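Written out below as structure tokens is the structure these notes cover.
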Amino acid sequence: MRVVAALVTLTTLSIALAPPLSQATNAPAAPAVAAPIPPPPSIAAKSYVLVDAYSRQVLAGQNEDARVDPASLTKLMTSYVVFSALRDGKLTLDQPVIISEHAWRAGGAVTDGSTSFLELNSQVKVDDLIQGMIVQSGNDATIALAEALGGSEATFAALMNQYADRLGLKGSHWNNASGVPDPDPLHYTTAHDIAVLSAAIATDFPQYYHYFSQKSFTFNGHKQDNRNRLLLRDPSVDGLKTGHTQEAGYCLAASALRNGTRFVSVVMGTDSFAAREDASASLLGYGFNFFETRKLYAANQSVGQAHVWKTSDLADVVLHQDVAATVPRGLTQSASTSLMLDKRVIAPVSANQAIGKLRVMLGDKQLAELPVYPAHDVPAGGFWRRLIDAIRLWFV
């Protein structure tokens, strides 16, 4: 079990070291004293984790990087791929999808799997399939969506792994779209990866996130309630997904939003419905009671200006993602930043070329850093400017 009391994690997965830097530092905030923070609640589970959705900071965890069976939490990865396809125009919500025999059988026609009661060879809209996948946890709806995008579930699983790599889910590998028990050992995840994935869904696809808070769904005359009963217990809880197999135990990825702060808890391998819900509620309550998040900068917001050699103009400096700090309550105003710029930024410079980094501080302690970039491409200046700066650079 662990608790992280005063740490900031930025929304990036790796940070490259820069060349020698020049420094421009904002004024440090006044010292503050945090209230005492108790250890996180005791959770009877194979693994668990609590993270802030925006800073990605881990607030509490146990065995969060251990490989576990994802069960139907697999459908979160499938949802991310489906939402990406909707955003990119590869799917539309009113697009009809033919239900194959493979999807039909997985939905309980032959097995005892979770079902959305889809009929063989029927045509069902993508919107209904998404509700069937998320609200009812229907294996048939999930596989139908996978086949619509990948042609086959196996091809779609390869697509899932590609998106997982983009998200930095280093402890996961997906072998099917629904999470049905698979003898292939290459279907696994971690509590931390599920938390990162859940946070990415909430931040990358707010236009589709409402599916996870839907309390029931009726299709073909069958009404089924969402199995995430925290939606009924706590009005701030608005997602995400349950899972259960004999191997995985009872699992729940839950998210709650209060006063602009979103925390995600993931509990893997409890022994009952009630245990996974009680554990998730305890973790979320712990986060909101003792931590708070402050957004420092938005993506593409100017954080300063940089001198660029061989041009006459200063360049606005931006980040490519939001930066947030999650700290113990009472310390948010103590977070400050320092802009560290390379000494030799020479035009032409691409908007995708890192020219320094932003350091995040808590008092006099450096907590994290993130690359910064020019807001726009910076072309080289005229002949005389290039010549004069070329001479000056000999002495830098």
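The values are calculated or read from the model by the stated rules, or taken from the named source; none is laboratory data. Here the structure is a predicted model, which is why all the values come from computation and not from measurement. Here the Cβ positions follow ideal geometry from the backbone for every residue, glycine too, while neighbour counts run over all protein chains shown.
Here are the numbers:
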| quantity | calculated |
| --- | --- |
| Selected residue [under 28 Å from PRO40 (Cβ atoms), touching a helix residue (DSSP H, G or I) at 6+ places or on another chain (Cβ under 6 Å) and among the β-branched types (Val, Ile, Thr)] from VAL327, VAL267, VAL323 | VAL267 |
| Only listed residue being polar (S, T, N, Q) and either on the phi > 0 side of the Ramachandran plot or in contact with an Asp or Glu (Cβ under 6 Å, 6 or more places away or on another chain) (or both), chosen from THR337, THR332 | THR332 |
| Segments classed as helices (runs of 4 or more DSSP H), wholly inside region 143-235, with at least 3 members that are touching a Leu at 6+ places or on another chain (Cβ under 9 Å) | 153-167, 191-204 |
| Matching residues, region 162-207, being under 14 Å from the mean Cα position of the chain (by Cα) and closer than 17 Å to LEU257 by Cα | ALA195, VAL196, LEU197, SER198, ALA199, ALA200, ILE201, ALA202, THR203, ASP204, PHE205, PRO206 |
| Selected residue (criterion: surrounded by the fewest Cβ atoms within 10 Å (Cβ to Cβ)) from residues of region 307-324 that are touching a strand residue (DSSP E or B) at 6+ places or on another chain (Cβ under 7 Å) and not in a strand (DSSP E or B) | HIS320 |
| Elements of type strands (runs of 3 or more DSSP E) contained in region 55-137, each with 2 or more residues being surrounded by fewer than 20 Cβ atoms within 10 Å (Cβ to Cβ) and out of contact with any Phe, Trp or Tyr (no Cβ under 9 Å at 6 or more places or on another chain) | 96-98, 123-125 |
| Pairs where the first residue, in region 204-218, is free of Cβ contacts under 8 Å to residues at least 12 places away in the same chain and within 21 Å of PRO235 (Cβ to Cβ) and the second is in a helix (DSSP H, G or I) and not small (Gly, Ala, Ser), C-beta under 9 Å, 6+ apart | none |
| Qualifying residue in region 216-224 (condition: under 25 Å from GLY107 (Cα atoms) and in contact with a helix residue (DSSP H, G or I) (Cβ under 7 Å, 6 or more places away or on another chain)) | yes |
| Members of region 228-282 that are farther than 16 Å from GLY179 by Cα, in contact with a His (Cβ under 9 Å, 6 or more places away or on another chain) and in contact (Cβ under 8 Å) with a residue 60 or more places away in the chain | VAL266, ARG276 |
| Residue within region 288-305 that is in contact with a helix residue (DSSP H, G or I) (Cβ under 7 Å, 6 or more places away or on another chain), closer than 25 Å to ALA390 by Cβ and assigned by TED's automatic domain parsing to the domain that holds GLY382 present | no |
| Residues (within 19 Å of LYS46 (Cα to Cα), under 17 Å from the mean Cα position of the chain (by Cα) and of a type in the set (Gly, Ala, Ser)) located in region 210-257 | ALA253, ALA254 |
| Region 183-210, residues that are over 23 Å from VAL51 (Cα atoms), crowded, with 19+ Cβ neighbours inside 10 Å and among the acidic types (Asp, Glu) | none |
| So ASP313, is it at pLDDT 85 or above and not small (Gly, Ala, Ser) | no |
| Residue in region 178-195 that is touching a His at 6+ places or on another chain (Cβ under 7 Å), touching a residue at least 24 places away in the same chain (Cβ under 8 Å) and under 21 Å from ALA71 (Cα atoms) present | yes |
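Conditions (1) over 25 Å from VAL82 (Cα atoms); (2) of a type in the set (Asp, Glu); (3) in the same structural domain as ARG87 (by TED's automatic domain parsing), marked per residue:
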site	(1), (2), (3)
TYR211	no, no, yes
LYS215	no, no, yes
ASN220	no, no, yes
ASP225	no, yes, yes
ASN228	no, no, yes
SER236	yes, no, yes
LEU252	no, no, yes
LEU257	no, no, yes
